[in-house]
Each structure stands twice: as structure tokens, then as C-alpha cells.
1. Name the single residue, out of those in the range 219-244 being part of a helix (DSSP H, G or I), of a type in the set (S, T, N, Q) and within 28 Å of S278 (Cβ to Cβ), that is most open to solvent (accessible area, probe 1.4 Å).
2. Kindly indicate the residue of the range 151-171 that is of a type in the set (G, A, S) and modelled with pLDDT of 90 or more and also most open to solvent (accessible area, probe 1.4 Å) among those meeting that condition.
3. Just checking, how many residues over the range 201-218 are more than 14 Å from G256 (Cα to Cα) and either outside any helix (DSSP H, G or I) or of a type outside the set (A, V, I, L, M) (or both)?
4. Only one of (1) in contact (Cβ under 8 Å) with a residue 40 or more places away in the chain; (2) open to solvent by 60 Å² or more (accessible area, probe 1.4 Å) is not met by S314, so which one is it?
5. Could you please let me know if I208 is open to solvent by less than 50 Å² (accessible area, probe 1.4 Å), of a type outside the set (K, R) and at pLDDT below 95?
6. Tell me whether the range 246-264 contains one or more residues that are among the β-branched types (V, I, T) and exposed (fewer than 13 other Cβ atoms within 10 Å of the Cβ).
7. So which residues in the range 289-307 are among the hydrophobic types (A, V, I, L, M, F, W, C) and part of a helix (DSSP H, G or I)?
8. Which ones in the range 265-290 are surrounded by 13 or more Cβ atoms within 10 Å (Cβ to Cβ) and among the aliphatic types (A, V, I, L, M)?
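The values are calculated or read from the model by the stated rules, or taken from the named source; none is laboratory data. Owing to the predicted nature of the structure, the values given are computational and were not obtained by experimental measurement. As a convention, Cβ positions derive from the backbone with ideal geometry for all residues, glycine included, and neighbour counts pool all protein chains shown. Side chains are part of the model used for accessible areas, which takes the heavy atoms of the whole protein and leaves out ligands, DNA and RNA. Shrake-Rupley method; radii C 1.70, N 1.55, O 1.52, S 1.80 Å.
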Amino acid sequence: MDCLTRQLSSEHATGHEKTARLVRPSLREQDEEGQDVLQGDGIKDAGVCLYMGGKIHALLCSSSGIQYWIADDDVGGASALMSPFWIVIRQLAEIEAMGTSKKVITREEWEKKLNDVKIRKEDMNKLVMNFLVTEGYVDAAEKFQKESGTKPDIDLATITDRMAVKKAVQCGNVEDAIEKVNDLNPEILDTNPQLFFHLQQQRLIELIRNGKVNEALEFAQEELAPRGEENQSFLEELERTVALLAFEDVSSCPVGELLDISQRLKTASEVNAAILTSQSHEKDPKLPSLLKMLIWAQNQLDEKAAYPRINDLSTAMLEDPAV
């Protein structure tokens with residue numbers, strides 16, 4: 001038996017053994033004053049056991065809170081409970097308990113806080129215009145410019161050309177899209193080998209989709225294989241694409257998603273972003289980023305408080321907290 005167990009066994013065994021089980025010490029040692037110092041089972045558990053005047057005072061501090069016990073022949077002794085030391089410990093435990101509980105914010109309080117935040121209309125208009133321009137809604141951007149007086153940061157005429165490229169990819173006319181990109185700015189594809197490869201890959205996918213097997217194999221060998229030799233990731237993507245030819249039933253093909261419309265949209269978005277970057281414009285609109293920040297901030301606040309939150313971004317309605 002260890003030091004504390006021997007001490008507890010020699011005197012006042014009944015109450016002391018109960019205390020020892022509650023503390024669950026796994027490692028014990030004595031400090032210079034002869035007090036037993038305990039390390040609990042949990043990684044963050046730590047305890048102190050004081051043996052004074054026939055009484056055991058046990059304190060356990062852990063990740064679940066602060067707990068303490070007093071055990072002796074007269075467990076209900078009021079004098080020990082009211083000692084200054086244990087009054088302080090009790091207050092610490094109560095403060096910790098308050099710290100772990102969530103603060104509840106009523107709808108009235110929350111709406112008042114929101115009303116105190118001021119946002120300029122000009123900033124809102126710029127966000128809307130940024131979204132329309134980036135996503136290519138040229139007609140809407142022109143109307144919004146007339147109604148709000150908000151000027152776009154690029155020439156709206158360039159949106160039409162960019163949307164023509166995007167539409168060509170979405171329709172599977174990749175060769176036409178490449179020509180349009182070169183008409184806009186030949187450096188876009190010259191300086192972006194990954195984008196050019198993905199466009200060529202999309203051309204191969206369209207050939208396979210149309211059942212032009214021989215033409216697809218020839219195109220892959222002449223146009224894509226040399227690029228795969230220079231870039232391992234290109235080679236892996238080429239192998240995945242050519243694997244489509246091995247299956248008569250595409251639904252059973254593990255890479256069948258390459259023939260989905262979503263693959264065209266992915267390539268079209270990549271081209272759209274490259275054109276925007278070449279025009280010194282952000283490739284992504286700011287509005288979605290702000291909504292992502294809102295969701296992140298709410299998730300962080302959920303750990304601290306219960307408050308009216310926005311669960312449906314499409315309505316932006318505040319929903320009362322579940323208390």
C-alpha cells in the first residue's frame with residue numbers, strides 16, 4: 001500500500017476510504033510539509049489531500065470542474081465546511097460553473113445590438129455590383145448602374161466576351177472557347193498551363209461523349225500525353241479520362257462523373273476566373289465570402305451564448321435560441 005492508503009487505513013478508516021475512492025488518485029507523493037499530493041486519473045486532473053486534526057480534506061481540480069470533500073468520524077461537522085480556505089474554494093467552483101454556462105441573449109437585446117451597427121448604402125451597392133460583374137450578369141449590371149449610380153470597376157463590354165467563352169465551355173464547344181480566349185488575351189493560356197490542360201482534357205471528354213473513340217485516342221496521344229510526361233498530376237488526370245473508354249456502360253465506370261455536366265461547369269468556372277484575373281479583377285465575388293464569415297462567426301458564438309441566429313441565409317430571418 002502507498003503512503004496515503006496506509007495513513008487512511010490506520011485511522012478513521014470508514015470515512016477516509018470513502019474520500020479516497022472519490023478522489024481516485026493514481027499517483028501520490030508527499031510534499032515537504034507531509035501533505036499528500038495526488039495526481040488523478042484524467043490527463044488534466046490534479047488533487048490535494050490534507051490530513052488535519054482527524055479530518056481528511058480532499059480537493060480535485062479537473063476538466064469537469066472543482067470538487068472537494070471532507071470526511072472524518074463526524075462528516076457533518078460545520079466548522080470545517082465554514083473554514084476560510086473552503087469558502088474560497090467553493091466560490092472558485094461556483095465561478096467556474098458560471099464560466100462554463102452559456103449566456104442567453106434575448107431577441108430584443110440582439111436586435112438592439114444589430115440596429116447599433118451602421119452600414120453605408122454605397123458599400124451595399126458596391127457589393128451587389130461586384131457580384132453581378134464577377135458572375136457575368138451584364139444586363140443586370142447595366143440596369144443596376146443606371147438605377148443606383150454605382151460604377152463597375154471594369155468595362156461592362158468585356159463581360160459579354162467573357163460570358164461567351166464560359167457559355168461555349170458549358171455547351172461542350174471547347175475548341176471555340178479556346179479561340180475566344182486567345183482573341184481576348186493570348187497570354188491567358190500561354191501563362192497558365194494547368195488551365196490549358198484542363199481545356200484540352202475537356203475536349204477529350206467531349207470526343208468520348210460523342211463516341212469518337214479513334215479520334216479521342218489520337219487526340220490524347222498527340223495533345224495530352226506529352227504534357228503528362230512533364231507533369232505527374234496531368235498524367236494522372238489523363239489516365240482517369242482515358243479510363244472512360246474501357247466501359248461501355250458509363251454508369252458503372254468509377255470515373256463516370258467526368259461526363260457529368262458538373263465537369264463542364266467546373267472547367268467553365270476555371271476559365272472565367274482566369275479571364276477575371278487577367279483583367280485585374282477578383283476571380284470570386286465578395287458577397288459569398290461575407291456569408292461564409294457570418295456562418296463561421298455564428299459557429300464560434302454558439303460555444304459562448306444562446307442568441308437569435310440566422311439558419312436560413314435565403315430568408316435571413318432570426319430564429320429564437322433554444323433554451
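1. Step one: list which residues in the range 219-244 are part of a helix (DSSP H, G or I), which gives 219-230, 232-244.
Those still in the list that are of a type in the set (S, T, N, Q) too: 221, 232-233, 241.
Now restrict to residues that are within 28 Å of S278 (Cβ to Cβ): 232-233, 241.
On the way: Q232: 115, S233: 53, T241: 1 Å².
Ranking the candidates gives Q232 first.
2. Going through the qualifying residues, I end up with A164.
3. Going through the range 201-218 one residue at a time, the tally reaches 8.
4. (1)
5. Working: open to solvent by less than 50 Å² (accessible area, probe 1.4 Å): yes; of a type outside the set (K, R): yes; at pLDDT below 95: yes.
Yes: the conditions hold for I208.
6. Filtering the range 246-264 for residues among the β-branched types (V, I, T) gives 250, 255, 261.
Filter once more, keeping what is exposed (fewer than 13 other Cβ atoms within 10 Å of the Cβ): 261.
Within the range 246-264 (the criterion being among the β-branched types (V, I, T) and exposed (fewer than 13 other Cβ atoms within 10 Å of the Cβ)), the answer is yes, since at least one residue qualifies.
7. As a first pass, look at the range 289-307 and keep what is among the hydrophobic types (A, V, I, L, M, F, W, C): 290-291, 293-297, 301, 305-306.
Correct list: L290, L291, M293, L294, I295, W296, A297, L301.
8. Residues satisfying the conditions are L265, A268, V271, A273, A274, I275, L276, L287.
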